[in-house]
Amino acid sequence: SQKIEQNSEALNIQEGKTATLTCNYTNYSPAYLQWYRQDPGRGPVFLLLIRENEKEKRKERLKVTFDTTLKQSLFHITASQPADSATYLCALVGGGFKTIFGAGTRLFVKA
Amino acid sequence: GAGVSQTPSNKVTEKGKYVELRCDPISGHTALYWYRQSLGQGPEFLIYFQGTGAADDSGLPNDRFFAVRPEGSVSTLKIQRTERGDSAVYLCASSLTGSNTGELFFGEGSRLTVL
């Protein structure tokens, strides 16, 4: 069955450092991959999309890579800030627009 | 409203009761999704509508769960004979079919507690 794996342990980093989060998947060939941010008690908010034929995408301090051979995406936040503390969700979108999510990784950025 | 609206925001019920959760998507969004999220987990796909029809209902856990979207806008998720294991946050999302990002716009969720 389709499976998405994200770091289950929380990631703690110092302000100003780069945070790197990992998303691995199996038994799936997504048309594209998305990253969302979720704050406690709130719904997820879309951040970035990367397509299967793209290697890298950037948006401000965010960078996403996508390796369809390794079936892996890396999500980077550079110059991290305490306000970046949240849970980050990886999502895979299939050809029929069904979107499935990983469990998310909690990020804590310490001032 | 400007965003996806879900009601009620909180619902406490007793085991065995019937529950309805409502989702009002962003105007003009033809696609509507329901997810269930338990503490510490990611959103679990339940069902996806394209217009009035369920395009994919493979995530509904059993026949106690049913969802409708009769006019292609508001959707209702219905849970019969609720069980304690149904306790979770139920998230609704909508999207614009044909958008170049497939971005899902989520509501704040309906927290269901079954006692």
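The values are calculated or read from the model by the stated rules, or taken from the named source; none is laboratory data. Given the structure is predicted, the values throughout are model-derived calculations rather than measurements. Using ideal geometry, Cβ is built from the backbone for each residue, glycine included, and neighbour counts are taken over all protein chains shown. In case anyone asks, the SASA skips ligands and DNA or RNA and just uses the protein heavy atoms, side chains included. Shrake-Rupley method; radii C 1.70, N 1.55, O 1.52, S 1.80 Å.
For this structure, a couple of remarks:
- Selected residue (only one of B:Glu14, B:Glu103, B:Glu71 is within 21 Å of A:Thr99 (Cβ to Cβ) and among the charged types (D, E, K, R)): B:Glu103
- Among the residues of the range B:51-79, those identified as at pLDDT below 95, on the phi < 0 side of the Ramachandran plot and within 14 Å of another protein chain (Cβ to nearest Cβ) are B:Gly53, B:Ala54, B:Ala55, B:Asp56, B:Asp57, B:Ser58, B:Gly59.
- Hey, B:Thr82 more than 20 Å from A:Ile100 (Cα to Cα), touching a strand residue (DSSP E or B) at 6+ places or on another chain (Cβ under 9 Å), in a strand (DSSP E or B) and away from every other protein chain (no Cβ under 11 Å) or not: no
- In the range A:88-111, the residues that are more than 7 Å from every other protein chain (Cβ to nearest Cβ) and of a type in the set (Gly, Ala, Ser) form Cβ pairs under 7 Å with partners that are part of a loop (DSSP other than H, G, I, E, B) and open to solvent by 10 Å² or more (accessible area, probe 1.4 Å), at six or more places apart or across chains, as follows: A:Gly94/A:Ala31; A:Gly95/A:Ala31; A:Ala111/A:Glu15.
- Listed by position, the strands (runs of 3 or more DSSP E) enclosed by the range A:63-111 that each have at least 1 residues that are crowded, with 21+ Cβ neighbours inside 10 Å and touching a Cys at 6+ places or on another chain (Cβ under 8 Å) are A:72-77, A:86-93, A:99-101.
- Residue match in the range B:93-107 (condition: at the interface with chain A (Cβ under 10 Å from one of its Cβ atoms), aliphatic (A, V, I, L, M) and in a loop (DSSP other than H, G, I, E, B)): yes
- A:Leu74 being within 15 Å of the chain's Cα centre (by Cα) and within 14 Å of chain B (Cβ to nearest Cβ): no
- Annotation note: of B:Tyr35, B:Tyr90, B:Tyr48, the sole residue that is surrounded by 18 or more Cβ atoms within 10 Å (Cβ to Cβ), modelled with pLDDT under 95, under 12 Å from the mean Cα position of the chain (by Cα) and not aliphatic (A, V, I, L, M) is B:Tyr48.
- Of all residue pairs spaced 6 or more apart or on separate chains, those with beta-carbon atoms under 8 Å, a first member in the range A:1-18 that is farther than 19 Å from A:Ile77 by Cβ and a second member that is open to solvent by 90 Å² or more (accessible area, probe 1.4 Å) are A:Ser1/A:Asn27; A:Gln2/A:Asn27; A:Lys3/A:Asn27.
- Hey, B:Thr82 among the β-branched types (Val, Ile, Thr), crowded, with 17+ Cβ neighbours inside 10 Å, at negative phi and more than 14 Å from the chain's Cα centre (by Cα) or not: yes
- Positions within the range A:41-58 being within 11 Å of chain B (Cβ to nearest Cβ) and touching a residue at least 12 places away in the same chain (Cβ under 8 Å), in sequence order: A:Pro44, A:Phe46, A:Leu47, A:Leu48, A:Leu49, A:Ile50, A:Arg51
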